[in-house]
Amino acid sequence: MVVFDIPFASVGPGLWLLQKNEAEFGEFCSRDDALACAIAEGRRIEAARARARVVLNIEGNDGHWRAFDTSIKPV
């Protein structure tokens, strides 16, 4: 399983971190850019490995983390 974490809050002005399996994967200028990268990378992983499961953990503005697949459907 591959897990991407997309936090709600930035770590600094205009800086969002994207984590993949609890390791830093990239830095982005917006949360939307981080999410777009996670979706694209997740779909690439799914295409390369048919049995791979990819989960996008997205933190909401309420502080709760929610899990989605690469189609942004809740899992």
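Given +1 at the Cβ of Lys and Arg, -1 at the Cβ of Asp and Glu and no other charges, the dipole of the chain around its Cα centre is 420 debye to the nearest 20.
Between the helical axis of 31-48 and the longest alpha-carbon principal axis of the chain there is an angle of about 10 degrees. Beta-bridge orientation, segment 2-68: approximately 70 percent antiparallel, per DSSP, counting only bridges with both partners inside. Pairwise alpha-carbon distances in the chain exceed 20 Å for 23% of all pairs. Among the chymotrypsin sites (Phe, Trp or Tyr not before Pro) in the chain, those located in a DSSP loop and surrounded by at most 15 other Cβ atoms within 10 Å of their own Cβ are F8.
Scattering from segment 35-75 was approximated by placing one identical point on each alpha carbon and applying the Debye formula without solvent; log10 I(q)/I(0) at 0.14, 0.15, 0.22, 0.35 1/Å stands at -0.31, -0.35, -0.68, -1.19.
Each reported figure results from applying straightforward, stated rules to the coordinates on display, with no laboratory input. All values derive from a computational prediction rather than experimental measurement. Ideal geometry is used to build each Cβ from the backbone, glycine not excepted, and the neighbour counts take in all protein chains shown.
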